[in-house]
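Read the structure below first, then the notes.
The values are calculated or read from the model by the stated rules, or taken from the named source; none is laboratory data. These numbers come from a predicted model, not from an experiment. All Cβ positions, even for glycine, are placed from backbone atoms using ideal geometry, and neighbour counts span all protein chains on display. What goes into the accessible areas is simple: the full protein's heavy atoms, side chains included, and nothing from ligands, DNA or RNA. Shrake-Rupley method; radii C 1.70, N 1.55, O 1.52, S 1.80 Å.
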Amino acid sequence: MFPDLATRVVPLDEIKARFEAANEAETFGWFVENFGHSRERAGQHDKPVPEIHLVTGPVRLEKLVPKSPWILVVDGDLEVAGDIDLSTSPYDISLFVVFGEVRARNLRFSGSACCYVTKSVELTGGCFGDHGDESAELHTARLKARVLMLDGNTGVNATELDAVVFASEGWGLPLHFTSKDVASEVFVPEALKGDSFHEGSVWKLMVSGKDPFLPGALGKLRARHVEAEDRLKPL
């Protein structure tokens with residue numbers, strides 16, 4: 001499941017101890033709830049029941065693209081030279097927990113990817129969340145990225161957020177791009193779908209190393225003063 005990681009399968013009690021050691025005991029209930037849902041969904045759809053894979057950091061990888069469903073706990077920092085794609089098949093509830101920091105180029109959490117990073121997520125590219133009606137979520141203390149791009153069903157909880165945000169209203173996030181803006185004045189034609197930008201196209205451009213933004217457009221959005229609510233723990 002994780003060919004580039006020296007993981008070992010562990011019982012739930014050991015994960016509980018890791019949450020306690022990281023001063024995250026209150027959040028263990030979030031893990032248990034989603035762990036139960038993951039097992040239920042696997043049984044309903046005749047799929048293997050996901051095992052809990054644990055690896056001790058610091059961990060360094062070229063990329064991380066697990067095939068769902070999966071449960072990965074990293075006890076320590078995670079550094080990925082390329083991209084992290086935590087996309088799942090429909091309703092394959094999966095869990096990604098890092099007791100430390102995550103550094104990568106781009107990060108996507110999609111479908112049923114439930115993600116919790118205790119310290120920070122730092123990306124040189126973008127953070128993308130989509131199809132969150134299937135449980136996809138990201139919780140972290142600090143998120144730093146060039147852009148944060150979310151569809152209308154997917155949110156992020158972060159105490160500190162440093163990114164240009166493209167998202168729907170209602171998530172308590174700063175909105176740098178709003179309904180008053182014209183997408184064609186911000187994005188290259190390859191990132192557009194009709195009169196709007198297309199999240200999937202922006203993701204593909206960024207992971208291929210291409211810039212989805214017109215020259216100077218992102219800087220103008222970043223310069224805007226926007227307000228946001230502070231949230232951290234899973235709700």
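Given the C-alpha centroids of region 25-55 and region 104-162, what is the distance between them in whole angstrom? Using only Cα atoms to place each centre, the spacing works out to 20 Å.
Rounded if a/c is under 1.5, else prolate if a/b is larger than b/c, else oblate: which is region 91-235, with a ≥ b ≥ c the root eigenvalues of its Cα gyration tensor? It would help to have the intermediate numbers written out before the result.
Working: a/c = 1.58, a/b = 1.43, b/c = 1.11.
Verdict is prolate for region 91-235.
Residues whose amide H comes within less than 5 Å of that of E101, counting only those at least five positions distant or on another chain, are D77, L78, S120 (H built at 1.01 Å from N in the peptide plane). To the nearest µm²/s, what D does Stokes-Einstein give for region 1-95 at 37 °C and 0.692 mPa s, using the Kirkwood radius over alpha carbon pairs as Rh? Roughly 234 µm²/s, to the nearest whole number. What the phi angles of region 33-40 give under the Karplus curve with 6.51, -1.76 and 1.60, with θ = phi - 60°, is a coupling list of 4, 6, 4, x, 4, 4, 5, 5 Hz, glycine and proline written as x.
Beta-bridge orientation, the chain: approximately 10 percent antiparallel, per DSSP, counting only bridges with both partners inside. Projecting label points 7 angstrom from Cα along Cα→Cβ for M1 and E185 puts them 4.8 nm apart.
Under a Cβ-Cβ cut-off of 12 Å, what is the net charge of the residues other than V65 that fall near it, where Lys and Arg count +1 and Asp and Glu count -1?
Summing Lys/Arg as +1 and Asp/Glu as -1 gives -1.
Look at the alpha carbon pairs under 8 Å that are at least 6 residues apart: their mean separation over the length of region 83-194 gives a relative contact order of 18 percent.
Applying the Karplus relation 6.51 cos²θ - 1.76 cosθ + 1.60 with θ = phi - 60° to region 155-163 yields 3J(HN,Hα) values of x, 10, 10, 8, 5, 10, 10, 10, 6 Hz, where x marks Gly and Pro. At full extension, V10 and K67 could sit 18.6 nm farther apart than now, given 0.36 nm per residue minus the alpha carbon distance. Per atom type, the chain shows carbon and sulfur on 48% of its accessible surface, probed at 1.4 Å.
If you place +1 on the Cβ of every Lys and Arg, -1 on the Cβ of every Asp and Glu, and leave all else neutral, what size is the dipole of the chain about its Cα centre, to the nearest 20 Debye?
I would put it at about 500 debye.
For every other residue with a beta carbon closer than 15 angstrom to the beta carbon of I52, add +1 if it is Lys or Arg and -1 if Asp or Glu, then tell me the sum. Spell out each step's value before the answer.
Numbers: positive: R8, K16, R18, R39; negative: D13, E14, E33, E51, D75.
Neighbour charge sum, excluding I52 itself: -1.
Among R146, R108, the order of accessible area from largest down is R146, R108, computed with a 1.4 Å probe on protein heavy atoms. The listed peptides 16-27, 80-91, ordered by packing as a protection proxy, come out as 80-91, 16-27 (highest mean of other Cβ atoms within 10 Å first).
Taking all protein chains together and a 1.4 Å probe, the residues D162, D4, D195 rank D195, D4, D162 from largest to smallest accessible area. Distances between placed amide hydrogens fall under 5 Å for L214 paired with F187, V188, all partners being 5 or more residues away or on another chain.
Where only DSSP H runs of four or more residues are counted, the chain gives -5500 deg cm²/dmol as its mean residue ellipticity at 222 nm, each run worth -39500 (n - 2.57).
Provide the packing ranking of 47-59, 117-129, 64-76, i.e. peptides ordered by the mean count of other C-beta atoms within 10 Å per residue, highest first.
Listed from highest to lowest mean packing, they are 117-129, 64-76, 47-59.
For V164, the residues 5 or more places off, or on other chains, whose built amide H falls under 5 Å of its own are V147, L148.
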